[in-house]
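The values are calculated or read from the model by the stated rules, or taken from the named source; none is laboratory data. What you see is a predicted model, and the numbers here were worked out from it, not measured in a lab. No Cβ is skipped: glycine too gets one built from the backbone with ideal geometry, and neighbour counts run over all protein chains shown. Keep in mind that these areas ignore ligands, DNA and RNA; they rest on the heavy atoms of the full protein, side chains included. Shrake-Rupley method; radii C 1.70, N 1.55, O 1.52, S 1.80 Å.
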Amino acid sequence: MACWSPIACRRLKRRSALIGAPEREALQGIGLARFRNGDAPGALALLAAAEALGGDARCRHNLATVLAAVGRGAEAIALEERNLREAPDYIPPYFTLAQLRAQANEAPRAAAVLARLVERALAGGDDRVLEHAVAQLRPLAAAGEPVLQPATRLRVAGRSDQAASLLAARLAVAPDDLGAGLAHAMAQLTMVHGEATEIADRRARYAAALAELEAQVDRGTVAMLAEAAGQVGEAKPFVLAYHGENDVDLQHRYGRLVTRMIRAADAARDAAPSAARERVAPMPPTAALATHAGAPEGERDGLRPVRVGFATAYFHLHSVSKLFGGWMRHLDPARFAVFGYHLGQAEDATTAALAAACTRFHRGPRDDAGWIAAMRADALDVLIYPEIGMHPTAVRLATRRIAPLQCVAWGHPVTTGLPEIDVFLSSALMEPADGDAHYAERLVRLPGLSVCYTPQPAGTGRLDWTAFGIAAGDVAYLCCQSPFKYHPGDDAVLTEIAAAVPTARFVFIGTPARDANAARLRTRLACAFAAAGLTPDRHLLFVPHVPAPEFQALLRAGDVYLDSLRWSGGNTTLEAVTAGLPIVTTPGPLMRGRHSAAILTAMGLADHVSPTREAYVARAIALADPAARGAARAAVTARADRVAEDLAPVRALEAFLLAETRVLRPEPEPEPQPQPEPQPQPASA
């Protein structure tokens with residue numbers, strides 16, 4: 001290696017068992033000193049000797065640095081690639097390898113190396129490395145997709161400004177990249193806000209970016225739109241709904257934009273030579289539904305079961321499957337054939353149970369064309385997405401017309417804005433009187449909570465609060481939603497409770513040292529508590545995420561469940577009910593802020609719902625008293641079964657689907673009836 005002959009290297013390796021680490025370190029030290037003094041050949045010989053004697057990743061990195069300096073870049077790249085394989089936590093080789101790839105005019109490969117480093121820095125919460133990696137990525141913006149991918153990861157991790165800086169660099173060198181424009185619009189939003197005024201600013205910036213993108217799309221070619229389709233589903237306004245405002249206009253604009261991109265991509269694919277394009281079965285005309293080629297012989301009449309598909313990436317133990325799996329399990333098999341499309345990869349016992357409820361259950365991995373072909377081959381009458389807005393594949397599929405009737409449920413409870421989604425399936429108890437104005441889709445209110453919910457097993461695990469610093473006599477108020485559910489306009493609720501309850505401990509889930517969203521929330525709350533004359537560390541506690549089987553133990557250990565105000569708990573509140581927790585909530589102006597209030601109302605505990613924010617604070621303070629908590633626990637426990645296994649929403653869903661498919665599917669023509677023979681008439685007198 002390097003200036004050493006193969007024979008010399010073999011001899012050194014045979015001797016390496018006799019030479020210890022101090023000697024290898026000495027060779028490295030002398031070699032680096034020579035390199036700093038301008039003697040690259042001498043440094044190379046010494047560092048090659050150290051590496052030959054069994055050097056580690058640092059030794060290989062130092063040798064690669066000198067090899068690159070003397071023009072032997074290919075050897076340096078090989079060493080640094082080995083470092084990334086064998087020592088992926090050692091950071092310096094990422095930067096050197098990216099630099100070497102860039103110097104070799106391999107910008108996409110250089111960007112891909114830095115994208116891997118972004119992932120590692122995010123996982124480790126290393127801000128310094130992350131900033132350096134982003135700075136190195138910006139000059140590589142011409143690489144395209146390898147730069148867009150880490151921008152998406154940064155945005156999802158709560159680092160929207162870093163994502164926006166990467167995307168701005170991309171647009172500076174490729175202003176016609178509409179996919180980057182879409183991602184840049186999404187990067188104007190962020191996960192957790194420092195103050196309430198930031199939300200208005202972010203929404204204005206997002207609206208302006210959408211308007212600019214709309215103008216570009218109007219001027220763009222089909223090829224430009226088709227290229228942008230790769231960002232649809234990845235770049236989505238997931239966090240917009242957490243602002244607690246009516247998003248129908250913004251979502252409608254977003255929905256039209258992404259649908260145009262997907263349609264352009266589909267048109268470009270269909271126009272490609274048949275040998276090179278993916279084949280997707282065409283959408284059958286509505287009038288032919290009763291005679292779909294994919295329907296079994298016995299179903300080719302107007303009385304066949306309605307064919308209903310459910311598509312989601314969350315057919316495993318997840319809030320989406322917990323809430324909406326009951327629809328699949330309990331639809332009347334005499335009248336409905338259920339088809340499942342598992343867009344994700346995770347599988348468990350929940351997956352098996354839902355698959356067993358289906359006439360046919362499709363698993364991935366598949367590309368969009370594969371999913372569309374499977375759905376159309378199943379000749380669906382109705383396609384229901386339990387959520388649209390979280391998983392990229394669901395977003396992309398929902399921009400297409402795959403079934404005559406396409407519905408979305410409230411797994412992500414905000415209008416999709418997508419032109420091809422016809423109906424939003426919601427809850428009569430959750431929707432406000434003016435709920436129709438909040439959706440681009442037709443709103444259908446199913447009775448009660450709209451779901452047939454099966455409580456999770458209560459479990460027997462116990463959580464020891466003392467391990468987290470909560471002492472006997474402290475009141476553990478559980479705030480166990482995602483950090484971005486906590487609106488800065490509601491921080492004062494916590495400080496008012498703490499001022500009245502000195503022993504209050506507010507328990508949040510997240511690790512600020514590793515999670516930027518949790519860190520920003522912790523910083524914002526600490527400022528609010530300090531401004532109120534309270535000691536943040538006395539009242540604020542962040543605990544690491546717990547595995548799903550242990551979440552019930554966390555709930556049982558709490559004293560009071562404090563609902564998030566603008567977007568309340570849904571599945572989490574139902575699990576709090578199972579744990580018998582006293583619940584504090586107040587209904588918001590939008591459906592997504594009324595889940596918990598609806599749950600308590602369905603239990604016959606409407607008197608536990610605080611009508612105002614002030615009443616919310618007063619109830620939380622009152623529940624600091626052990627006797628009041630005990631009474632509330634008893635009431636919740638006694639009525640928990642009232643929100644379990646409710647079949648009324650399923651029967652209402654059946655009635656809706658039957659009525660809708662009668663409209664969409666023509667009834668069979670009546671059989672011609674024989675006409676009576678004409679009778680002779682008596683002659684007139």
**Message:** It is to be established whether one or more residues within the range 517-526 are touching a helix residue (DSSP H, G or I) at 6+ places or on another chain (Cβ under 8 Å), free of Cβ contacts under 8 Å to residues at least 24 places away in the same chain and surrounded by fewer than 18 Cβ atoms within 10 Å (Cβ to Cβ).
**Reply:** yes
**Asked** Could we say that Ala352 is without any contact (Cβ under 8 Å) to a residue 12 or more places away in the chain and within 23 Å of Glu645 (Cβ to Cβ) here?
**Response** yes
**Output for the range 303-314, where each listed residue is farther than 15 Å from Asp381 by Cα and either open to solvent by 10 Å² or more (accessible area, probe 1.4 Å) or touching an Asp or Glu at 6+ places or on another chain (Cβ under 8 Å) (or both)** = Thr312, Tyr314
**Complete:** Residue hits (the range 573-591; in a loop (DSSP other than H, G, I, E, B), small (Gly, Ala, Ser) and either open to solvent by less than 10 Å² (accessible area, probe 1.4 Å) or modelled with pLDDT of 95 or more (or both)) are Gly580, Gly588
**Request:** Answer yes or no as to whether Gly570 is closer than 30 Å to Arg155 by Cβ, crowded, with 22+ Cβ neighbours inside 10 Å and either in contact with a Phe, Trp or Tyr (Cβ under 9 Å, 6 or more places away or on another chain) or free of Cβ contacts under 8 Å to residues at least 24 places away in the same chain (or both).
**Result:** yes
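Let's see how each residue does on (1) in contact with a Leu (Cβ under 9 Å, 6 or more places away or on another chain); (2) crowded, with 20+ Cβ neighbours inside 10 Å:
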{"residue": "Arg202", "(1), (2)": "yes, no"}
{"residue": "Glu214", "(1), (2)": "yes, no"}
{"residue": "Ala226", "(1), (2)": "no, yes"}
{"residue": "Asn246", "(1), (2)": "yes, no"}
{"residue": "Ala265", "(1), (2)": "yes, yes"}
**Message:** Looking at Arg360, Arg335 in this structure, which one is basic (Lys, Arg) and either without any contact (Cβ under 8 Å) to a residue 24 or more places away in the chain or open to solvent by less than 10 Å² (accessible area, probe 1.4 Å) (or both)?
**Reply:** Arg360
**Message:** Go through (1) open to solvent by 50 Å² or more (accessible area, probe 1.4 Å); (2) in contact (Cβ under 8 Å) with a residue 40 or more places away in the chain; (3) aliphatic (A, V, I, L, M) for Ala207 and report which single condition fails.
**Reply:** (1)
**Asked** Phe551 is checked against (1) surrounded by fewer than 23 Cβ atoms within 10 Å (Cβ to Cβ); (2) over 23 Å from the mean Cα position of the chain (by Cα); (3) aromatic (Phe, Trp, Tyr) and fails just one. What number does that condition carry?
**Response** (2)
**Request:** Could you pull out the residue among Ala151, Ala112 that is in contact with a helix residue (DSSP H, G or I) (Cβ under 6 Å, 6 or more places away or on another chain), under 20 Å from Leu182 (Cβ atoms) and free of Cβ contacts under 8 Å to residues at least 60 places away in the same chain?
**Result:** Ala151
**Message:** Tell me yes or no: at least one residue of the range 175-193 is over 21 Å from Val258 (Cα atoms), open to solvent by 30 Å² or more (accessible area, probe 1.4 Å) and either hydrophobic (A, V, I, L, M, F, W, C) or touching a helix residue (DSSP H, G or I) at 6+ places or on another chain (Cβ under 7 Å) (or both).
**Reply:** no
**Asked** Among the residues of the range 77-84, is any polar (S, T, N, Q) and buried (at least 17 other Cβ atoms within 10 Å of the Cβ)?
**Response** yes
**Prompt:** For the range 610-646, how many residues meet the condition of being of a type in the set (Val, Ile, Thr) and either assigned to a loop (DSSP other than H, G, I, E, B) or touching a Lys or Arg at 6+ places or on another chain (Cβ under 9 Å) (or both)?
**Reply:** 1
**Request:** Would you please list the contacts, defined by Cβ atoms under 7 Å and residues six or more apart or on different chains, that run from a residue in the range 545-558 that is under 16 Å from Val475 (Cβ atoms) to a residue that is part of a helix (DSSP H, G or I)?
**Result:** Leu555/Glu575; Leu555/Ala576; Ala557/Trp465
**Request:** Filter the range 592-609 down to the residues that are in a loop (DSSP other than H, G, I, E, B) and open to solvent by less than 20 Å² (accessible area, probe 1.4 Å), then identify the one that is farthest from Leu565 (Cα to Cα).
**Result:** Met603
**Asked** Are any of the residues in the range 453-462 of a type outside the set (Ser, Thr, Tyr) and open to solvent by less than 20 Å² (accessible area, probe 1.4 Å)?
**Response** no
**Test for Leu623: is it in contact with a Pro (Cβ under 8 Å, 6 or more places away or on another chain), surrounded by 15 or more Cβ atoms within 10 Å (Cβ to Cβ) and not basic (Lys, Arg)** = yes
